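Undergrad: Could you have a look at this structure, given as structure tokens, before my questions?
The values are calculated or read from the model by the stated rules, or taken from the named source; none is laboratory data. Please read these numbers as outputs of a predicted model, since none were measured by experiment. So basically every Cβ, Gly included, is an ideal-geometry build from the backbone, and we count neighbours across all protein chains shown.
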Amino acid sequence: MQIRVVDEQGRPAAGVTVEVRQTRKAFPFGAAVGGTLVRNAQYRDFFKAHFNWAVFENESKWYRNGRGPGQEDYATADAMVQWCRENGIPIRGHCIFWEPEKWQPRWVRPLDVEQLKAAVEYRMDSAVKHFRGTFVHWDVDNEMLHGSFFKDRLGEDIHVWMYKRARELDPDVKLFTNEFNVLSVDENFKEVQTDEYVADVRRLLEQGAPIDGVGIQGHIWFEDILAHPEVIKQRLDKVAALKLPIWISEFDVADADEKANADKLELVYRTAYSHPAVEGIMMWVFWAGASWRGPNCGLARRDWTLNEAGKRFEALMAEWSTTASGRCDTAGVFAFDGYHGDYAVTIKGPGDSVSHQTFTLAVGRGPQTVTLQLRKEQ
């Protein structure tokens, strides 16, 4: 990155001092939020200080939005959307449908085929239209490897229909698959299902499903990934063969040993962040006070003090941020290597001339140059 500083006449400002500080990362380091976001200021403050993307843990799921036929309730989700908008937080939509039977709204389970078909069409149209222009991603049918509620009742083609219909309703949203037991062995399994997941996504693509990305949940259970750290990259490589963007969509770890938690977090984050196919990492639990996996999960204890994983996470975020300073050369240029994102820059010229400005180091554009004018500020 090059900053070219000129004076008010457009001449190179040789020798002036430039200080740059990254204020926001371009890479998505996000987390799941629940209704606590609306009620708890400390929860909001912690989230905003640590994350730049959100996904709703339950508030955009069918069992939360659809309490009965035609009975829609988006009130909590809408309040959460409003806060995210006010704070510049993009949102992943999770999820339009959830394939295992146990996660269906109770009133949906006993429906006959025609009633279920009508309910599915209504849910699809309602949810996607409601959040159109709001959600950047949608997990269309969560965990298709681990359930068959819709497939058994509505036929093999229902999954492709879901993706095609979602695309019709919101052409701009990115449509994702989402699965567990892919990055590491789940608590109820002996082996990962990475190969099965890749095969399932490939089958849907071949059948015409407009899939834009692949979600890998990343709940870390009992597998000793620290003893075999190479398995994380190997499994990501397998999914990357689909040539689709990968998001770690639901990372969490809940060992009783705080240091082990921190070590596993660092392994997954370093491996995923460095992988060319991974375009975002979402944490599922960041506070023990709102944890589905008990008090050892997340970055902060119930009293909001950082645990070892929280300290490690902050250290990684600091490592992956940029600060730099120096003097412009005779051409008025100051060059530095930086991570993509937003920056604040202070330019100090002769005497008391100081200028505070901002710029963005954009993703995917190679070496970049920004020209800033030195001007005296009151």
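Undergrad: Scan the stretch 331-349 and tell me whether some residue there is surrounded by fewer than 13 Cβ atoms within 10 Å (Cβ to Cβ), free of Cβ contacts under 8 Å to residues at least 40 places away in the same chain and under 29 Å from the mean Cα position of the chain (by Cα).
TA: Among the residues of the stretch 331-349, not one is surrounded by fewer than 13 Cβ atoms within 10 Å (Cβ to Cβ), free of Cβ contacts under 8 Å to residues at least 40 places away in the same chain and under 29 Å from the mean Cα position of the chain (by Cα), which makes the answer no.
Undergrad: Now for a different question. Hey, can you tell me all the residues within the stretch 360-372 that are over 30 Å from Phe286 (Cβ atoms) and surrounded by 14 or more Cβ atoms within 10 Å (Cβ to Cβ)?
TA: Within the stretch 360-372, Gln368, Val370, Leu372 qualify.
Undergrad: Scan the stretch 184-218 residue by residue and report those that are in contact with a Ser or Thr (Cβ under 9 Å, 6 or more places away or on another chain) and in a helix (DSSP H, G or I).
TA: Residues satisfying the conditions are Tyr197, Asp200, Val201, Leu204.
Undergrad: When the stretch 61-76 is examined, which residues are found to be under 19 Å from Trp138 (Cα atoms) and among the polar types (S, T, N, Q)?
TA: Selection gives Asn65, Thr76.
Undergrad: Still on this structure, please answer the following. What pairs come out if I take residues in the stretch 38-62 that are within 21 Å of Ala309 (Cβ to Cβ) and pair them with residues that are of a type in the set (Lys, Arg) and crowded, with 22+ Cβ neighbours inside 10 Å whose C-beta lies under 7 Å away, six or more apart or interchain?
TA: Trp53/Arg92; Val55/Arg92
Undergrad: Return yes or no: is Phe336 farther than 17 Å from Ala49 by Cα and modelled with pLDDT of 95 or more?
TA: Yes, satisfied.
Undergrad: Hey, does the stretch 103-117 have a residue that's under 25 Å from Lys238 (Cα atoms) and crowded, with 18+ Cβ neighbours inside 10 Å?
TA: Checked the stretch 103-117: no residue is under 25 Å from Lys238 (Cα atoms) and crowded, with 18+ Cβ neighbours inside 10 Å.
Undergrad: Go through (1) touching a strand residue (DSSP E or B) at 6+ places or on another chain (Cβ under 9 Å); (2) over 16 Å from Lys61 (Cβ atoms) one by one and return the number of the condition Ile96 breaks.
TA: Evaluating Ile96 over (1) touching a strand residue (DSSP E or B) at 6+ places or on another chain (Cβ under 9 Å); (2) over 16 Å from Lys61 (Cβ atoms) leaves (2) as the failure.
Undergrad: Would you check which residues across the stretch 298-330 are farther than 30 Å from Thr371 by Cα, over 21 Å from the mean Cα position of the chain (by Cα) and of a type outside the set (Asp, Glu) and list them?
TA: Result: Arg301, Arg302, Trp304, Thr305, Leu306, Asn307.
Undergrad: So, one more: Where residues in the stretch 1-36 are assigned to a loop (DSSP other than H, G, I, E, B) and aliphatic (A, V, I, L, M), which of them is surrounded by the most Cβ atoms within 10 Å (Cβ to Cβ)?
TA: Per the criteria, the residue is Ala13.
Undergrad: Can you name every residue in the stretch 350-378 that is over 26 Å from the mean Cα position of the chain (by Cα) and of a type in the set (Lys, Arg)?
TA: Listed by number, the residues that qualify are Arg375, Lys376.
Undergrad: Then there is this: State whether the residues of the stretch 305-320 include one that is of a type outside the set (Asp, Glu), within 22 Å of Thr17 (Cβ to Cβ) and out of contact with any Asp or Glu (no Cβ under 7 Å at 6 or more places or on another chain).
TA: Checking the stretch 305-320: not a single residue is of a type outside the set (Asp, Glu), within 22 Å of Thr17 (Cβ to Cβ) and out of contact with any Asp or Glu (no Cβ under 7 Å at 6 or more places or on another chain).
Undergrad: A follow-up question, please. Have a look at Ala318, Ala335, Ala300, Ala324 and point out the one that is in contact with a helix residue (DSSP H, G or I) (Cβ under 7 Å, 6 or more places away or on another chain) and not hydroxyl-bearing (Ser, Thr, Tyr).
TA: Every option except Ala300 fails the conditions.
Undergrad: Follow-up question, since we're still on this one. Can you pull out the helices (runs of 4 or more DSSP H) entirely within the stretch 48-153 that have at least 1 residues that are assigned by TED's automatic domain parsing to the domain that holds Ser291, under 17 Å from the mean Cα position of the chain (by Cα) and closer than 17 Å to Val38 by Cβ?
TA: 75-86
A quick yes/no check of all residues on (1) in a helix (DSSP H, G or I); (2) surrounded by fewer than 23 Cβ atoms within 10 Å (Cβ to Cβ); (3) not aromatic (Phe, Trp, Tyr):
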| site | (1), (2), (3) |
| --- | --- |
| His228 | no, yes, yes |
| Asp255 | no, yes, yes |
| Gly289 | yes, yes, yes |
| Pro295 | no, yes, yes |
| Ala309 | yes, no, yes |
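Undergrad: Determine, yes or no, whether Ala166 is small (Gly, Ala, Ser), outside any loop (DSSP other than H, G, I, E, B) and surrounded by fewer than 20 Cβ atoms within 10 Å (Cβ to Cβ).
TA: Here the answer is no, as Ala166 does not meet what is asked.
Undergrad: Considering (1) in a loop (DSSP other than H, G, I, E, B); (2) touching a residue at least 40 places away in the same chain (Cβ under 8 Å), say which one Asp224 fails and leave the rest.
TA: Against the list (1) in a loop (DSSP other than H, G, I, E, B); (2) touching a residue at least 40 places away in the same chain (Cβ under 8 Å), Asp224 comes up short only on (2).
Undergrad: List every residue pair whose Cβ atoms sit under 7 Å apart, with the two residues 6 or more apart in sequence or on different chains, where the first one lies in the stretch 361-375 and is at negative phi and the second, anywhere, is among the acidic types (Asp, Glu) and surrounded by 13 or more Cβ atoms within 10 Å (Cβ to Cβ).
TA: Once the first residue is at negative phi and sits in the stretch 361-375, its partners that are among the acidic types (Asp, Glu) and surrounded by 13 or more Cβ atoms within 10 Å (Cβ to Cβ) give Leu374/Asp7.
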